[in-house]
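**Student:** Once you've had a glance at the structure underneath, I'll fire off some questions.
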Amino acid sequence: MRKITYLLLLSEYIFVTLHPNLICRDMIKRIYTLFILLMVALTSMAQMAEPVKFVVKHAVNDKGQLEVSFQGKIDAGWHVYGTNIKDGGPTAATVTLDKQVGVEVAGKLETIGDVHTINDAMFGMEVETIEGEVAFKQTFNITSDDYEVAGYLTYGACNDQNCLPPTSVDFSVKKGNVAETPAEATGAEAPKDPANALTANDLWTPVVGELGSSDNVTSQSDTSLFWIFLMGMGGGLLALLTPCVWPIIPMTVSFFLKRSKDNRRKGVQDAITYGISIIVIYVGLGMLVTLCFGASALNAMSTNAVFNILFFLLLLVFGLSFLGGFELTLPSSWSNAVDSKAEKTTGLLSIFLMAFTLSLVSFSCTGPIIGFLLVEVATSGSILAPTMGMLGFAIALALPFTIFALFPTMLKSAPRSGNWMNNIKVMLGFLELAFSLKFLSVADLAYGWGILDREVFLCLWIILFALMGLYMLNMIRLPHDEDEYDEEGNIVTRPRTSITRLAIGVASMAFALYMVPGLWGAPCKAVSAFAPPVNTQDFNLYSQEVEPKFDDYDMAMAYAKEKNMPVMLDFTGYGCVNCRKMEAAVWTDNEVAEIINNKYILVTLHVDDKTPLAEPITVTENGQERKLRTIGDRWSYLQRYKFGANAQPFYVLLDPNGKPLAPSYSFNEDVAAYIEWLNSGLK
């Protein structure tokens, strides 16, 4: 927003400077000022999320029962939680009745829609989520002709960055009512000043205009797609250096150049076409994965226990094959048939078939890498992820064929085939075994087996990376390692270690040692994205934790005024997944914990706290009266009314008088940015 404002001011300056004699210069300034103010207002309004819009309907069915349905449309990227959620999980959809005359509840609240059951690693349980459209239906038996029922639906909604507080949709049905009523979810829009007793306190005065936004929210989808592309390129570069691919490069390039020796330009074109064909083949594979599974299935894969077990077994097989346990090969008849077809054809088709032959012949080396890549990107939940991953892989794999065709003299300086390529295969084998445990961990959390707690996971990773380090240092050998001979023809029992192997071996051993303190509860942030949550660990000596000093806003502000200290508000929720991610990834940092614990008064306000208020509080929002029934309702209303936001996590730094010290902060796991934000409030 600040960038837009600066551009507008700059454009105004240039425009007016270039037209000094313009009569309407003052009018233009007024228009620009008005436009800037409008942009600021739109920015503050953008913090208010309304991803789900409900319409309440009711009708009497063929059995003479009253059916009240809540039909909602969910914005892309958001999901609503279903009704079957265990205690301690995110906000489940529930119906609460305030008035019930002449009717009896018949059965539970039903969920109608495309329900996905996924495993949520942060909560360690399976949860129901719905995307796109959803309907919740509650049925009542009518016991009197003069009936009336009123209450509200409570639901929770999240995306990959924020979660809404438990949001209410009110309904009221009397005999003879109209059958459809638009429903405004509590907290859907920025409220007007209700001028009631709750907000009479100056500490509740709105500061939306003063607060602003710190521009800290990252786009998870864009970022993840970029990293998936880079991960694909990394996999492609590693595949190049394997025994199945590297020796083929000079043979293939020489073939194209010799076939068109009288026309070098034609040879270069053929090599480039060959590279493009490789890209088309592997990108087509990525698109095929998306078409076979679909966007919703890919999203469900990331947390589905059965899929994660299959992924674990798949990577286990691939890893063991790279370590020399067995060789994964496609039937030779496939490659022979394609190769034969390529010899009988000419032009672009023959080159494409040659590229396809390369894909089949090199499968024993590229297959495990592609398998790992597709498993990892499929579980990211993005529909474009498989295609982006394969695009990066194919570009890296195809690039050398084009480069060596353009500059054939470079082939003479290229490294020759040797045992070093087998070393790369073994290193990849250890990595695939390590990453396979990540998927087993997801299934273990879902089913509650307890066989892969955090300390067991770390033990296995320590052993795997230590073994990889010992292998790279020539301390251990595997079945398919080639023997080395001295000048007299005798087998060298302890071959020399190259500088590259020494560096990789030292790095692997150092990483194994880095994880050792994690066995006693150290955060080990480098592996926190893969290892099970810390709460699965039985023995934990780590004590540097962030603890809130208050869970009541008014009491905290009174204490802050007495001590003359700044306040940090943490709007969170028991069912907020991304709040837990921030606490696990950011609040565990020593510097972050030291600043929050010692330099701020931390106030944690749970917007989904179900504790009833002593008596309901009536407020006015958007011209309608609403009731705050729970403590969570009160803090959710504070967030909407004072700060113009309704999504969590949401962090605010205030002075003792309730005025903002810095822009608000939302979901962003960048520790350095969080520290800078905290220090900006202190300054």
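Only the coordinates and a few stated rules stand behind these numbers; no lab work does. Remember, predicted model here, so these are calculated numbers, not experimental data. As a convention, Cβ positions derive from the backbone with ideal geometry for all residues, glycine included, and neighbour counts pool all protein chains shown.
**Student:** Given H placed on each backbone N at 1.01 Å, which residues far from residue 521 in sequence or on other chains put an amide H within less than 5 Å of it?
**Tutor:** 541
**Student:** If you don't mind, there's one more thing I want to ask. Run the numbers on the stretch 553-682 and let me know its relative contact order in percent, using alpha-carbon pairs under 8 Å that are six or more apart. Write out the running numbers ahead of the final one.
**Tutor:** Details: 205 pairs, mean separation 41.4, N = 130.
Computed over the stretch 553-682, the figure is 32 percent.
**Student:** Sticking with this structure for a sec: I need to check one value: relative contact order of the stretch 81-166, counting alpha carbon pairs closer than 8 Å and at least 6 residues apart, in percent. Mind dumping the intermediate values first?
**Tutor:** Numbers: 171 pairs, mean separation 34.0, N = 86.
Across the stretch 81-166, relative contact order equals 40 percent.
**Student:** A follow-up question, please. Would you give the gap between the C-alpha center of the stretch 447-465 and the C-alpha center of the stretch 48-95, rounded to a whole Å?
**Tutor:** Each part reduced to its Cα centre gives a spacing of 39 Å.
**Student:** Another question about this same structure. For each pair in 137/610; 581/683; 438/683; 137/627; 525/549; 73/174, compute the distance between the two Cα atoms and list the pairs where it is over 30 Å. Kindly include the intermediate steps, with their values, before the conclusion.
**Tutor:** Details: 137/610 23 Å; 581/683 27 Å; 438/683 42 Å; 137/627 23 Å; 525/549 26 Å; 73/174 26 Å.
Pairs exceeding the cut-off: 438/683.
**Student:** Here's a follow-up. For a protection proxy built on the mean count of beta-carbon atoms within 10 angstrom, sort 502-515, 560-573 highest first, please. Write out the running numbers ahead of the final one.
**Tutor:** Values: 502-515: 16.2, 560-573: 19.6.
Top of the packing list down: 560-573, 502-515.
**Student:** Search the structure for amide H atoms under 5 Å from the amide H of residue 132, placed 1.01 Å from N in the peptide plane, and list their residues when 5 or more places away or on another chain.
**Tutor:** Under 5 Å from the amide H of residue 132 lie the amide H atoms of 74, each far enough along the sequence or on another chain.
**Student:** Starting from the 7 Å offset along Cα-to-Cβ, what nm value, one decimal, do you get for the label separation of residue 625 and residue 141?
**Tutor:** Between residue 625 and residue 141, the simple spin-label model gives 3.4 nm.
**Student:** Between residue 593 and residue 406, what is the FRET efficiency for a Förster distance of 60 Å, r being their Cβ-Cβ separation, to the nearest 0.05?
**Tutor:** Computed FRET efficiency for residue 593 and residue 406: 0.65.
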